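Peer 1: Have a look at this one before I ask anything.
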Amino acid sequence: MNAVFPHFMDAVTGFVLANTPPPEFNPDTVTPGPAGFVAILFVVLAVVALGFDLVRRIRRTTYRAEIAERLQAELAAKNAAEASVAEGTEHPQA
């Protein structure tokens, strides 16, 4: 089976190349023109806009995580202070 596959692909490739008509234009002088430039410009602007949006969302998520961490630390410190006051072992603050 494996010995047949390369010969089959050679036959298919030869058939396709033999039945492909020659191009009606000079492939060396074909350019995308203004429409191609506008399309690529649109893609570039879309990618840049998506990049800025991605950075903004990542930054927002990072800030939210930092704030949540600070709030948890403050809450833990407050609970520890209340527990020490309740036990009567209050430490003087500087």
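FYI, it's all coordinate maths here, none of it is from the lab. Everything quoted here is computed from the prediction, not taken from an experiment.
Peer 1: Rounded, prolate or oblate: which fits segment 31-88, taking a ≥ b ≥ c as square roots of the Cα gyration tensor eigenvalues, rounded meaning a/c under 1.5, else prolate when a/b beats b/c?
Peer 2: Details: a/c = 15.27, a/b = 13.37, b/c = 1.14.
It comes out prolate by the Cα gyration axes.
Peer 1: Expressed as an acute angle from 0 to 90° and rounded to the nearest 10, what is the orientation of the C-alpha long axis of helix 33-87 relative to the principal long axis of the chain?
Peer 2: 20 degrees
Peer 1: Going by alpha carbons, how many degrees (0 to 90, nearest 10) lie between the helix axis of 4-18 and the longest principal axis of the chain?
Peer 2: So the helix axis and the longest Cα principal axis differ by about 70 degrees.
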